[in-house]
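Below is one structure, written out as structure tokens, with a few remarks after it.
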Amino acid sequence: MDLLEKKRQVIQLYEEYERLVQPYKTLAVCEKGCASCCIDVGSVGATTLEGLLILEYLQGWDDQAIEEINRTLRENRSEKLNGVLVRCAFLDEEESCRIYVVRPFSCRRLYSVRKCDGQGAVVHRRAVVLGQKIEKELQELDPDGCSGHLTFILYLLEEELFRRSYLKGSWNLEDFRDIIERYELVVHKGAP
Ligand code: SF4
């Protein structure tokens, strides 16, 4: 399957999840401006394939916005490595997601039927199971890649050697072991 088709299937999985989870989401109390899950959850997971979609989206930003997000991502990574619970780098001042249309699945699956108020989201059990299924399918769609916190996945993809090799479907684990271990990334099944 070529990369274009894989990316298309990622979007299809997002859409499938939205359709299947709809009956449980009708009671959601989430609203624009409430970004509790972008601030308090601490881990925004993504696969490398999802990371590629986000990087492509960022290519449409102007130089200043790119420079700014790169700085925020750097700070975010450093704080996360120091164990600090940080707000997502993509959350703007109005508490809106700057990459909403391409946000990863870990963000799409989060909603709450009760105001979080720092207590965490309350999600229907069936929606959790559905989310686990889609998460597994996203990883299977990206057998040569990795999963992990979004900012770390983007960092890995910014490594020219990794990106080139990954896009060809083969990369050497030893070349990136340091990054994989430091950022606690999960290497998918088909990867080295
Ligand atoms: S990517 Fe967007 S939706 Fe996901 S945590 Fe960050 S700001 Fe929130």
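Just so you know, all these numbers are worked out from the coordinates, no wet-lab data involved. Just so it is clear, the structure is predicted and the values come from calculations on it, not from any experiment. Ideal geometry is used to build each Cβ from the backbone, glycine not excepted, and the neighbour counts take in all protein chains shown.
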Checklist entry - Of all residues in the range 37-61, which are farther than 20 Å from Glu184 by Cα, more than 10 Å from the ligand (Cβ to nearest atom) and not in a loop (DSSP other than H, G, I, E, B)? => result Leu53, Leu55, Glu56, Tyr57, Leu58
Checklist entry - Which residues, taken from the range 124-172, are out of contact with any Cys (no Cβ under 9 Å at 6 or more places or on another chain), β-branched (Val, Ile, Thr) and touching a residue at least 24 places away in the same chain (Cβ under 8 Å)? => result Ile134
Next on the checklist: With the structure loaded, tell me whether Leu91 is in contact with a strand residue (DSSP E or B) (Cβ under 8 Å, 6 or more places away or on another chain) and either touching a residue at least 12 places away in the same chain (Cβ under 8 Å) or farther than 27 Å from Lys25 by Cα (or both) or whether it fails that test.
Outcome noted: yes
Next on the checklist: I'd like the full set of residues that are out of contact with any Lys or Arg (no Cβ under 7 Å at 6 or more places or on another chain) and surrounded by 19 or more Cβ atoms within 10 Å (Cβ to Cβ), limited to the range 38-51.
Outcome noted: Val44, Gly45, Ala46, Thr47, Thr48, Glu50, Gly51
Item to check | Scan of the range 77-94 for residues that are touching a Lys or Arg at 6+ places or on another chain (Cβ under 8 Å) and either part of a loop (DSSP other than H, G, I, E, B) or within 15 Å of the ligand (Cβ to nearest atom) (or both), ordered by number | outcome: Val86, Phe90, Leu91, Asp92
Item to check | Unique residue being away from the ligand (no atom under 15 Å from the Cβ), assigned to a loop (DSSP other than H, G, I, E, B) and surrounded by fewer than 17 Cβ atoms within 10 Å (Cβ to Cβ) when the list is Lys115, Lys133 | outcome: Lys115
Item to check | Of all residues making up the range 10-27, the number that are surrounded by fewer than 15 Cβ atoms within 10 Å (Cβ to Cβ) and under 30 Å from Gly169 (Cβ atoms) | outcome: 4
Checklist entry - With Leu138, Leu110, Leu154 as the choices, which residue is under 15 Å from the mean Cα position of the chain (by Cα), of a type outside the set (D, E, K, R), within 16 Å of the ligand (Cβ to nearest atom) and assigned to a loop (DSSP other than H, G, I, E, B)? => result Leu110
Checklist outcome for this item: Going through the range 95-107 in order, the residues found to be in contact (Cβ under 8 Å) with a residue 60 or more places away in the chain and part of a helix (DSSP H, G or I) are Phe105, Ser106, Cys107
